[in-house]
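Here's the structure, in structure tokens; my notes come after.
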Amino acid sequence: MMTTIPETLSKISPILCLYWHVLLSAISEALFDRLVSRTHRHPLVQLQALLDFQPIEDACQAYHLHNGLGSPVIHSVPRLVRILFLKYYGDYSLRQLEASLEYNLLYRWFAGYDLFDKTADRTTINTFESYIQENYPRLYFDTVLRQLDEAYPKQRDEVQIGDTFAVEMAAAYEPLIPRLRHLADRLRRAYQKVEPEHYHQITPQLDWVGLAGEEKEAHYTRLTEAEKIDRLTRTVIAVTHFMGQLPTDLPPSVSQWTSYIEKVIFEEVKEVVDEESGEVRYRARRGSERRGKFRLVSATDPEATCRNHGKKMDNGYNASVATTTDFIREISVATGSEPDPVGIPRLLQAQLDHHQLAPTKFIYDQAAGQGAYCHQVTELSAGRTQLVVNLVETGKQKDTFRPTDFNLCADGLTLTCPNGRITHQRYWRNDGAGHNFNFSAGQCRGCPLLMACRESEEYPTKRRTVFISHHHHALLLARTYTQTATFRAEMKLRPHVERVIAGLVRYNGARRARFRGLKKVDFQMKMCAMAYNAKRWVQKRKRKKPPNVPRERCV
């Protein structure tokens, strides 16, 4: 708070010294009272009355014991809690937030500062954010969601809609050779930290030109095709030789980098072998069709991978979201290489663990339209959640009978065809996903459904094999449900998730990661979802405008 008395008031300074702080506090309080009364419709003024930050403050009581033991507390936990909320509410960087706290009176009031108080700087805010990120990554999101459930109890019973969206990584894409060299450098630094003696022993044996390049090296784009191959070959040999010098029992902090290097070499580098000698002539980059759809693209953030989403190619993370028509119920982040439906069990399990909630219906797009996902959802929720989805047609895309057209008996030992003929011949499939049932040629002889079953009315000479997966029963139930009017009505709700995702990525900072690493990006997405829910809460409370009443004509 301001402590110096202006020179213009020096004549009465002895009196003012007694009441200076009281006077400044009174001025500050009067100004903020007038500000709030004038801006009572502002969302932050409404959120100040709606949100209860006490659970977050109670969880962070030990923060000042953890940071700066013995030093005086300048910025209290209640202030820091509200400041971090403002950061994600306004989608601010640390510098932007620092400036807003200094000059925006409404932000200063919301955070709990007086008019003349010194506000927190970006270092202080970053330290507190790191503490929350490390110890309570979902505290803000869960706290706001629980208060929403108290305000709107029926929200817990609503059907949920799921989908995914791409999160751009906070790192630059690296070409193949710089990426390998960067990964090797990070492996070298990690190993030097844990085994400095052995590292210095193997250092003279390494090919440093292959590992790091020459001092004045020509840019990759200026090389001829032969020079590119030579540089890649030398880099791969140098990196492989370096990994060969390391022991097999490496700690996780080191072994993760060897696994990253092996992944890049396996997916993106091919060996050209001499036909006569059988030796490797050189290494070359694989063609685009053989590189793999999902690959590591940056050594700075190796957990962010290439995400092939149709014709779009995103480098980063894949965020899964579960929402009602109003509020986000759960959000989680995986590496970009994870297929969309794989995140469904994670969304449902998180709700069971943290909110003891299993939604009655979970609507998703056709990417999850397989029996395996229907079975997973039913099993995870103990039958309380039903996956509502358009099914993917399996088998041949022709007008022939599919596995769902056959009837499996209750014990799973026999299979009945659409013509009523039964087979007991079943065998495990190699991948263990289910059984193959065989109908012999003799069983099919004279069947009137030969054309619909075998695409030919000629005399059958081979057996008819039908694959029945372990999820056959769940698939049948899902297929039956897709024929109902309730299913068609529920699928009309699915576009609502696109509106929610648009709100997240356009107005709440969820499009681009501000951090590096899966855990930190997941924290960011939960904070973005918290901000979305808080803003939506204010919108939902707005009263409808009164109807326009035409004025009486002035005579």
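The values are calculated or read from the model by the stated rules, or taken from the named source; none is laboratory data. Computed from a predicted structure; not experimentally measured. No Cβ is skipped: glycine too gets one built from the backbone with ideal geometry, and neighbour counts run over all protein chains shown.
A few notes on this one:
Yes/no matrix, rows are residues, columns are (1) assigned by TED's automatic domain parsing to the domain that holds THR324; (2) over 25 Å from HIS42 (Cα atoms); (3) at pLDDT below 95:
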{"position": "PHE85", "(1), (2), (3)": "no, no, no"}
{"position": "ASN104", "(1), (2), (3)": "no, no, yes"}
{"position": "TYR113", "(1), (2), (3)": "no, no, yes"}
{"position": "GLN147", "(1), (2), (3)": "no, no, no"}
{"position": "LYS154", "(1), (2), (3)": "no, yes, yes"}
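- A single entry from GLY509, GLY503 fulfils the requirement of being in contact (Cβ under 8 Å) with a residue 12 or more places away in the chain, assigned to a loop (DSSP other than H, G, I, E, B) and within 34 Å of the chain's Cα centre (by Cα): GLY509.
- Candidate set from the stretch 23-41 (those that are touching a residue at least 60 places away in the same chain (Cβ under 8 Å) and farther than 13 Å from LEU105 by Cα); member that is surrounded by the most Cβ atoms within 10 Å (Cβ to Cβ): LEU24
- Options HIS182, HIS198, HIS241: the member that is surrounded by 14 or more Cβ atoms within 10 Å (Cβ to Cβ), under 30 Å from GLY343 (Cβ atoms) and not assigned by TED's automatic domain parsing to the domain that holds LEU387: HIS182
- Every residue from the stretch 81-122 that is assigned to a loop (DSSP other than H, G, I, E, B), among the hydroxyl-bearing types (Ser, Thr, Tyr) and either crowded, with 22+ Cβ neighbours inside 10 Å or touching a helix residue (DSSP H, G or I) at 6+ places or on another chain (Cβ under 8 Å) (or both): TYR92, TYR113, THR119
- Extreme residue, nearest to THR325 (Cα to Cα), among residues of the stretch 142-187 that are outside any strand (DSSP E or B) and in contact with a His (Cβ under 9 Å, 6 or more places away or on another chain): ARG156
- Of all residues making up the stretch 303-322, the number that are touching a strand residue (DSSP E or B) at 6+ places or on another chain (Cβ under 6 Å) and within 30 Å of GLU158 (Cβ to Cβ): 7
- Across the stretch 1-54, the qualifying residues are those that are small (Gly, Ala, Ser) and modelled with pLDDT of 80 or more, and the one among them that is nearest to THR143 (Cα to Cα) is ALA49.
- The residue of the stretch 58-80 that is nearest to PRO43 (Cα to Cα), among those that are hydrophobic (A, V, I, L, M, F, W, C) and surrounded by 14 or more Cβ atoms within 10 Å (Cβ to Cβ), is LEU80.
- Reported count of residues in the stretch 422-435, each being farther than 12 Å from LEU408 by Cα and either at pLDDT 85 or above or of a type in the set (Ser, Thr, Tyr) (or both), is 2.
- Number of positions in the stretch 333-346 that are in contact with a helix residue (DSSP H, G or I) (Cβ under 8 Å, 6 or more places away or on another chain) and surrounded by fewer than 21 Cβ atoms within 10 Å (Cβ to Cβ): 4
- Test: residue in the stretch 469-483 that is part of a loop (DSSP other than H, G, I, E, B) and either over 32 Å from the mean Cα position of the chain (by Cα) or free of Cβ contacts under 8 Å to residues at least 12 places away in the same chain (or both): yes
- Residue in the stretch 223-244 that is within 34 Å of the chain's Cα centre (by Cα), more than 23 Å from GLU303 (Cα to Cα), of a type outside the set (S, T, N, Q) and assigned to a helix (DSSP H, G or I) present: yes
- Subset of the stretch 450-471 [surrounded by 14 or more Cβ atoms within 10 Å (Cβ to Cβ) and touching a strand residue (DSSP E or B) at 6+ places or on another chain (Cβ under 6 Å)]: ARG463, ARG464, VAL466, PHE467, ILE468, SER469, HIS470
- Near pairs, Cβ below 9 angstrom, 6+ apart or cross-chain, from the stretch 199-210 (over 13 Å from VAL236 (Cα atoms) and without any contact (Cβ under 8 Å) to a residue 40 or more places away in the chain) to any residue that is hydrophobic (A, V, I, L, M, F, W, C) and surrounded by fewer than 16 Cβ atoms within 10 Å (Cβ to Cβ): none
- Selection status of THR325, within 22 Å of ASN390 (Cβ to Cβ), touching a strand residue (DSSP E or B) at 6+ places or on another chain (Cβ under 9 Å) and at pLDDT below 95: yes
- Residue selected from the stretch 347-388 under the condition more than 21 Å from the chain's Cα centre (by Cα) and of a type in the set (D, E, K, R), by the criterion surrounded by the most Cβ atoms within 10 Å (Cβ to Cβ): LYS361
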